[in-house]
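The values are calculated or read from the model by the stated rules, or taken from the named source; none is laboratory data. Computed from a prediction, not measured in an experiment: that's the story for all the values here. Here the Cβ is made from the backbone with ideal geometry for all residues, glycine too, and neighbour counts use every protein chain on show. Calculation scope for accessible area: heavy atoms of the full protein, side chains included, ligands and nucleic acids excluded. Shrake-Rupley method; radii C 1.70, N 1.55, O 1.52, S 1.80 Å.
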Amino acid sequence: MAQFLQLAQRVRQETGTAGTGPTSVVSQSGQLAQLVTWTAQAYLDVCNKWDDYDFLWRESSVELELDVKDYVLANNLRAINEDAFYVYGGSLPADGQKLDYIEYDNYRRSKTLDTGTGTPVCFTRLPSGEVRIIPTPDQSYTVEYEYWKEPTPLTTDTSVPEFSPIYDDCIIWRACWYWASFNEAQAEMAAHDFNFNQAMQRLEARYLPAAERYHARSQGVDLVVRAE
């Protein structure tokens with residue numbers, strides 16, 4: 001698995017930057033520092049294009065308390081799988097009960113849902129990022145949920161991307177595009193952009209939901225990928 005340092009070294013080679021190295025991703029200057037920065041940014045560009053890559057998928061749980069309705073979920077959470085919230089405990093069946101998701105705007109217009117206490121039946125996500133359980137729990141419960149995490153930036157020599165190394169070209173060609181853009185090399189920009197898009201198609205085919213399922217850009221626009 002290629003490490004951050006190895007990726008930066010390959011970017012130097014692909015861009016034809018003179019010299020050797022970098023020997024580390026820290027304490028660099030000049031052109032090597034730029035290559036390191038572009039490599040790190042290229043990785044985030046790949047990860048930030050979509051919220052729901054499979055390689056960012058995680059599971060977690062939160063303990064619900066009596067008379068407490070708002071909860072902070074995982075600290076690395078980027079997006080919730082709104083179709084995978086289950087509550088356990090109390091008089092519920094052993095295999096739990098699915099919580100329905102309510103869009104916050106709909107919840108705000110009809111807060112009559114949020115009265116009294118009882119067995120949780122639904123939830124919404126507040127603008128603050130917390131989730132509100134509805135109705136307010138009448139005892140202790142456990143909620144298990146699925147989510148997609150924030151990507152971990154590449155920061156050290158040995159940092160590695162969170163996806164398979166067979167897709168490292170996405171990082172390489174995006175970083176090379178930054179180099180070409182900085183140097184106003186139009187032909188190289190076009191070539192690197194083409195290579196990047198080709199590599200991204202392979203990564204997206206592997207890590208995004210099936211063609212008939214919706215998924216969301218990090219910008220929050222709902223799209224559907226269709227097989228041609």
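Numbers below:
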{"item": "Solvent-accessible area, 1.4 Å probe, carbon plus sulfur percent, for the chain", "result": "47"}
{"item": "Neighbour net charge for Ile166 - beta-carbon separation under 15 angstrom, K R +1, D E -1", "result": "-2"}
{"item": "Amide hydrogen neighbours beyond the local backbone of Thr136, cut-off 5 Å, H modeled", "result": "Gly118"}
{"item": "Karplus 3J(HN,Hα) series, Hz, for segment 82-93 with 6.51 cos²θ - 1.76 cosθ + 1.60 (x for Gly, Pro)", "result": "5, 9, 9, 10, 10, 10, 10, x, x, 8, 6, x"}
{"item": "Degrees separating the helix 169-182 axis from the principal Cα axis of the chain, which is the longest one", "result": "60"}
{"item": "Among Ser60, Leu126, Phe194 the positive-end extreme of the charge dipole of the chain (Cβ point charges)", "result": "Phe194"}
{"item": "Dipole magnitude of the chain, debye to nearest 20 (Cβ charges: Lys/Arg +1, Asp/Glu -1, about Cα centre)", "result": "420"}
{"item": "222 nm mean residue ellipticity, helices alone, for the chain (DSSP H n ≥ 4; -39,500 (n - 2.57); rounded to 500)", "result": "-10500 deg cm²/dmol"}
{"item": "Within the chain, percent of DSSP bridges classed antiparallel, to nearest 5", "result": "85"}
{"item": "Amide H contacts under 5 Å for Asn81, placed H, 5+ residues apart", "result": "Glu146, Tyr147, Trp148"}
{"item": "Simple spin-label estimate for Glu59 and Asp193 in nanometres, 7 Å along Cα-Cβ", "result": "4.3"}
{"item": "For the chain: accessible area per residue (Å², 1.4 Å)", "result": "53"}
{"item": "Approximate spin-label separation Asn81-Thr158, in nm, with each point projected 7 Å along Cα-to-Cβ", "result": "3.1"}
